[in-house]
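Below: one structure, written as structure tokens.
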């Protein structure tokens, strides 16, 4: 279920931008504003009745799969080229937007504070993956 691509989000990624998308130097859109826009969008369509944590987590997984599909069977080098291909970049951005939108709606429905969850997870990851042990390595923390 596609929602919308929120306007006002700066696209600071390397590579060409999708045609028709204005590149902004700065973004003032906050996470809270995006959550509100996602919630308002769902409420205007009376979709909250369908947005249980189960359904949203499944939709999030499905959209993640659609994002992954763009890179299926590609080597790491090929995946970099795919991500910067102007013909594919817009579709990839759409899938990424769907993933984030469903994640934000999941946070809305469950009352989870996304910013606090990210901060807590980053702090935990910093403990599990100290720079001096993990720099330049892809090993799991239990192997460092």
Original post:
Has the range 92-100 got any residue that is in a helix (DSSP H, G or I), over 22 Å from residue 42 (Cβ atoms) and touching a residue at least 60 places away in the same chain (Cβ under 8 Å)?
Top reply: no
**OP:** Please go through the range 105-132 and pick out each residue that is loosely packed, with under 11 Cβ neighbours inside 10 Å and closer than 18 Å to residue 60 by Cα.
**Re:** 111
Subject >> Matching option when the condition is under 28 Å from residue 36 (Cβ atoms) and out of contact with any helix residue (DSSP H, G or I) (no Cβ under 9 Å at 6 or more places or on another chain), among 123, 103, 87, 81 >> reply: 123
Subject >> So residue 82, is it closer than 16 Å to residue 64 by Cα, at pLDDT 95 or above and surrounded by 14 or more Cβ atoms within 10 Å (Cβ to Cβ) >> reply: no
Original post:
Taking the condition more than 17 Å from the chain's Cα centre (by Cα), at pLDDT below 95, exposed (fewer than 15 other Cβ atoms within 10 Å of the Cβ) and closer than 30 Å to residue 143 by Cα, does residue 76 pass?
Top reply: no
Original post:
When you scan the range 27-51, how many residues do you find that are over 14 Å from residue 101 (Cβ atoms) and touching a helix residue (DSSP H, G or I) at 6+ places or on another chain (Cβ under 7 Å)?
Top reply: 1
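The values are calculated or read from the model by the stated rules, or taken from the named source; none is laboratory data. What you see is a predicted model, and the numbers here were worked out from it, not measured in a lab. Counting neighbours? That spans all protein chains shown, and the Cβs are built from the backbone with ideal geometry, glycine included.
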